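Here is the structure we will look at, set down as structure tokens.
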Amino acid sequence: MNDIEFLIDSIGDTVKVNDVESKVLITHSNVTRQEERYIHTIAAVKQGDLITYENEKYLVITETVTKRTNKYKALIRHCNYSLEYPGESRQELLLDKNGKPMYDRYGDEIYVTVEGKPITVHTIIENSSFAINGVQLMVGINQIIVTVQNNKDNSAKLKVNSTFNVMDNKWKVLNVDKSQKGLLIITCEKTV
């Protein structure tokens, strides 16, 4: 075991990386408007990974391609908002208290619509400007930049012209930038 592994094992924090427990070292970064920290790991973390640390969600916002002194190091930023989408709805056969199918007056089976568990999307939302890897993105009045993990669900739900509610307003997706591997950087405009 090298010194870094010993340090992480001895005084590291247990976090979840994409819902999988991992032992890591979390250190402070410079003081900024957003809560940012460095994550030091033995196993690779990727830009866009969702970190759960002290019951809060963070996104890895920098690339970590190679090790630095026997460890990976990345910057994580606190997810300051969450979006919630309804889960997938499905049709289920209506059963009586004995578990037998119920029928309507015509003898047809009765089906009911059941809503699935809601999908929560942890996001970083900025309303003036936002920087990732030194690139500053500017937005106009009544616009926000929403940064989320690039995964199948988020790509399907957050498309151009889709809408969502957050911060007591309805927002319309104007643009989806996929240039930062692992992240979706979405420009949105307030709608009425």
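The values are calculated or read from the model by the stated rules, or taken from the named source; none is laboratory data. This is a predicted model, so every value here is computed, not measured. Note that each Cβ is placed from the backbone with ideal geometry, even for glycine, and that neighbours are counted across all protein chains shown. We work out accessible area using only protein heavy atoms, side chains counted, and drop any ligands, DNA or RNA first. Shrake-Rupley method; radii C 1.70, N 1.55, O 1.52, S 1.80 Å.
Sort all Cα-Cα distances of the range 4-92 into consecutive 10 angstrom bins from zero, then give the percent of pairs in each bin up to the one containing the longest distance.
16, 47, 23, 9, 4, 1
Pairs Lys16/Lys46; Lys16/Lys157; Lys117/Lys181; Lys73/Lys181; Lys46/Lys159; Lys23/Lys117: which exceed 19 Å Cα-Cα?
In this structure, Lys16/Lys157; Lys117/Lys181; Lys46/Lys159; Lys23/Lys117 exceed 19 Å between Cα atoms.
Provide Rg over Rh for the chain; use the alpha carbon set for both Rg and the Kirkwood Rh (inverse mean inverse pair distance).
Answer for the chain: 1.12.
Show me 157-169, 53-65 ranked by packing, highest mean number of other Cβ atoms within 10 Å first.
53-65, 157-169
Any idea how far the Cα center of the range 92-110 sits from the one of the range 35-50, in Å?
51
When ligands, DNA and RNA are left out and all protein chains stay put, how many square angstrom of accessible area per residue does the chain have with a 1.4 Å probe?
Solvent-accessible surface per residue comes out at 62 Å².
Per-residue counts of other Cβ atoms within 10 Å, averaged by peptide: what ranking do you get for 171-182, 103-114, 144-155, highest first?
The densest-packed peptide leads the list: 144-155, 171-182, 103-114.
Normalising by the residue count of the range 1-136, find the relative contact order in percent from Cα pairs under 8 Å and 6+ residues apart.
18
Projecting each Cα onto the charge dipole of the range 21-178 (Lys/Arg +1, Asp/Glu -1 at the beta carbon, about the Cα centre), which of Asn150, Leu59, Val24 comes out farthest on the positive side?
Val24
How would Val121, Val192 line up by accessible area, probe 1.4 Å, largest first?
Val192, Val121
Roughly to the nearest percent, how much of the accessible area of the range 147-192 is carbon and sulfur, given a 1.4 Å probe? Spell out each step's value before the answer.
Numbers: 1160 of 2640 Å².
Carbon and sulfur together cover 44 percent of it.
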